[in-house]
Amino acid sequence: MSTAAARFKIRDNLSGIAYFEANINGQWLLMVYDYKTGILKSQKMDTSKILQGDFELKVVDQAGNESIHKQKI
């Protein structure tokens with residue numbers, strides 16, 4: 001069983017974060033956001049699967065600006 005997780009610090013100084021979405025190998029990935037710390041981390045629904053492959057995170061602020069981070073993990 002793998003305990004690896006994707007973890008990011010996200011923030012927006014002006015309008016605030018509207019939403020975020022993540023996927024791995026094209027499949028939706030549950031992300032949990034702690035507004036106090038600004039930490040966004042993955043939470044696997046199936047702990048028997050390894051978090052590995054093509055990861056993509058999209059963060060959109062209240063003004064509609066978006067940032068996309070892609071990485072192979």
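Each value in this text was obtained by applying a stated rule to the coordinates, not by laboratory testing. Note that the structure is predicted; figures quoted are calculated from it, not measured. Note that each Cβ is placed from the backbone with ideal geometry, even for glycine, and that neighbours are counted across all protein chains shown.
Between residues in region 8-24 that are of a type in the set (D, E, K, R) and residues that are exposed (fewer than 14 other Cβ atoms within 10 Å of the Cβ), which pairs lie under 8 Å by C-beta distance while being six or more apart or on different chains?
These pairs meet every condition: K9/T37; K9/G38; K9/I39; R11/G38; D12/Q62; E21/W28.
All but one of (1) exposed (fewer than 12 other Cβ atoms within 10 Å of the Cβ); (2) touching a residue at least 40 places away in the same chain (Cβ under 8 Å); (3) more than 14 Å from the chain's Cα centre (by Cα) hold for D46; which doesn't?
(2)
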